[in-house]
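Worksheet: the structure to be examined is printed underneath.
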Amino acid sequence: MRLRNFRAGFHRSPKNAVSWQRQYTAPINRFLRLVQSQWPPSRPPGSDRERFHQEITKAYGNWLTEINGFSKGTFEKNSRIARLLLKWLGARAGRQSLTCLTVVDVDDFLAWRMPTLRRASRYSESVSLRSFLRYLHFAKVLEKDLSVALRGPIIYKYDEIPRAFTELQIKAMLDVTRRDHSPKGRRDYAILLMLATYGLRAGEVVGLRLEDIDWRGERLHVCRSKTRTESILPLVTPVAQALLNYLKRRPKTKFREVFLRSRAPIQPFSNVSSLDAIIGVRMKEAGIVVDSRHGSHAFRFARALTLLRAAVSMKTIGDLLGHRRAASTEVYLKLQTEDLRAISLDVPRNETNAEMARQL
């Protein structure tokens, strides 16, 4: 009905039909996930080939998690590319035909899949596909291990300068969010202030629970999303006040997560991308336009840059950010590129260039 009304009013279809449809279907899907044990429901296989695909995907998941000890997130990421390969192969991915899979088939799949992806995404999907091919050889589906023939793009260490918000941009976002006194505004302000103060990862903010806040001891217990270790950070007064202002108006629910959705059904955030959406809304309200990526990690890099400029030791920065190794913190040294330009040396052009030309 909505689509018919749109076409009648504008005499055309929506420019992005998928995005336009999602604004109506997303609330319905959230409600169904709340009231049903599984949504969307698993569709029974319609053919022997589909049944084989479900069996091999399930067995691959057990191999990843039970035998190799990978996390559920890794299984979800790897199984997605596995299902995509099986679907792309079509009739060539049956019980008997899959045993004839060749390197040429894998190359054709990559030629179809990779052109629309960024280099980092190509690398990630190559790793996932290599894992699935290795399993097929382990399960005796393939006689040869095709994973050794798969090479993804080279990702050089520290090849990109991290994206960081400037201090003025962060201040503008915090100011515009502070003026929003609604429960949603108080929630967003507490989230942005925690990102700016501690440089937390999005998963660490989403996973924060009520028992992680030690009000008497003025401490914050943070479970690091990457290493699964716990860090104890000081609960500074501005953050404590922002949390209190939000928790006083937080909906009364059984959930122990600190930050909840503002729309029904009231529940914790389903994934970390929700924070990127919050940041995007507040950036738009503050009139901030950023060409590059501008998610929660931009706050993390900005916090590291502020500490670097304040001559804080790399060990202290690593402890705040939850790094186990010093090498993980070294990437933030590239954030000082602009500072290094200020002390760069002028090289005499005429004499030096002439001398270099003679040497060449």
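Quick one: what are the phi-derived ³J(HN,Hα) couplings along segment 65-78, Karplus 6.51/-1.76/1.60 with θ = phi - 60°, whole Hz, x for glycine and proline?
After applying 6.51 cos²θ - 1.76 cosθ + 1.60, I find 7, 7, 8, 9, x, 6, 7, 5, x, 5, 4, 4, 5, 6 Hz.
Decide, for the chain, between rounded, prolate and oblate: order the square roots of the alpha carbon gyration tensor eigenvalues as a ≥ b ≥ c, take rounded if a/c falls under 1.5, and otherwise choose prolate if a/b is larger than b/c, else oblate.
Note, shape of the chain comes out oblate.
For segment 224-315, count all C-alpha to C-alpha pairs, find those more than 22 Å apart, and express that count as a whole percent of the total.
In whole percent, the share of Cα-Cα pairs in segment 224-315 beyond 22 Å is 48.
Order these by the 10 Å Cβ neighbour count, fewest first: S313, S147.
Least crowded to most crowded, the residues run S313, S147.
Each residue of segment 9-16 in order: what ³J(HN,Hα) in whole Hz does its phi give by Karplus 6.51 cos²θ - 1.76 cosθ + 1.60, θ = phi - 60°, with x for Gly and Pro?
x, 10, 6, 6, 8, x, 4, 10
Starting from the amide H of S225, placed 1.01 Å from N in the peptide plane, find each other amide H under 5 Å away whose residue is 5 or more places distant or on another chain.
Hits under the 5 Å cutoff: E204.
With Cβ to Cβ distances under 13 Å as the rule, what net charge do the other residues near N62 carry (K, R +1; D, E -1)?
0
Between segment 185-263 and segment 1-26, what's the alpha-carbon centroid distance in Å?
38
Stick to the Cα atoms of segment 170-233, pair each with every other, and give me the Kirkwood hydrodynamic radius in Å at one decimal.
Result for segment 170-233, one decimal place: 12.7 Å.
Let me know the volume per residue of the alpha-carbon convex hull for segment 167-341, in Å³.
It comes to 127 Å³ per residue, whole-number rounded.
With a sphere of radius 10 Å drawn around the Cβ of S128, what net charge do the other residues whose Cβ falls strictly inside it have (Lys, Arg +1; Asp, Glu -1)?
+2
Enter the Cα centre distance for the pair segment 97-133 and segment 296-316, rounded to the nearest angstrom.
A separation of 37 Å, based on Cα centres.
Going by a ≥ b ≥ c, the root eigenvalues of the Cα gyration tensor, does segment 227-266 fall in the rounded group (a/c under 1.5), the prolate group (a/b larger than b/c) or the oblate group?
Since a/c reaches 1.5 but b/c is at least a/b, the shape of segment 227-266 is classed as oblate.
With θ set to phi - 60° and the Karplus curve 6.51 cos²θ - 1.76 cosθ + 1.60, what are the ³J(HN,Hα) couplings of segment 273-285 in order, to the nearest whole Hz, using x for Gly and Pro?
5, 4, 5, 5, 5, 4, 4, x, 5, 6, 5, 5, 5
So what's the net charge close to H137: Lys and Arg +1, Asp and Glu -1, counting the other residues with Cβ under 13 Å from its Cβ?
After counting each charged neighbour, the total is +2.
Over the alpha carbons of segment 44-155, what is the largest minus smallest coordinate on each principal axis, giving the biggest first in Å?
That gives 39, 31, 27 Å along the principal axes, largest extent first.
We did not get these values from a lab; they are worked out from the coordinates using the rules stated. Note that this is a predicted model, so its numbers are computed, not measured. When we count neighbours, we look across all protein chains shown, and the Cβ atoms used for this are built from the backbone with ideal geometry, even at glycine.
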